[in-house]
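Reading through the structure tokens given below for one structure.
Readers should treat all values here as calculations from the given coordinates under stated rules, not as data from a laboratory. Fair warning: this is a prediction, and the values are worked out from it, not measured in the lab. Here the Cβ positions follow ideal geometry from the backbone for every residue, glycine too, while neighbour counts run over all protein chains shown.
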Amino acid sequence: MSPNLTFYAAFLKEDKWISKIDFIYQLKVNCDCTEGNHGEFLQFLYRLRFCRVKRSRSGGIVFY
């Protein structure tokens, strides 16, 4: 089952880039990452090569 990116995009602002570390920290603080998709998405973020992240206008996530 794929994660709901709209849920995770709620932690981001559309006009502001944040670092990978800050995004992962926000997820760890606000989600129970020991359960299902949250843990899988967290592992995906650790493996993905990006420096910054922000929310897109359509509600998705933009990685840079």
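Simple rule: put +1 on each Lys or Arg Cβ and -1 on each Asp or Glu Cβ in the chain, find the dipole, and look at ASN30, GLY59, TRP17; the Cα lying farthest toward the positive end is TRP17. Computed about its Cα centre, the charge dipole of the chain is approximately 360 debye, with only Lys, Arg, Asp and Glu carrying charge at their Cβ. Can you tell me the orientation of helix 20-30 relative to the chain, as the angle in degrees between its alpha-carbon axis and the longest Cα principal axis, to the nearest 10? The angle comes out near 50 degrees. Among the trypsin sites (Lys or Arg not before Pro) found in the stretch 21-64, those both in a DSSP coil and sparsely packed, with 15 or fewer other Cβ atoms within 10 Å of their Cβ, are ARG49, ARG57. Relative to its residue count, the chain spans a Cα convex hull of 76 Å³ per residue. Relative to the longest principal axis of the Cα atoms of the chain, helix 36-47 runs at roughly 60 degrees.
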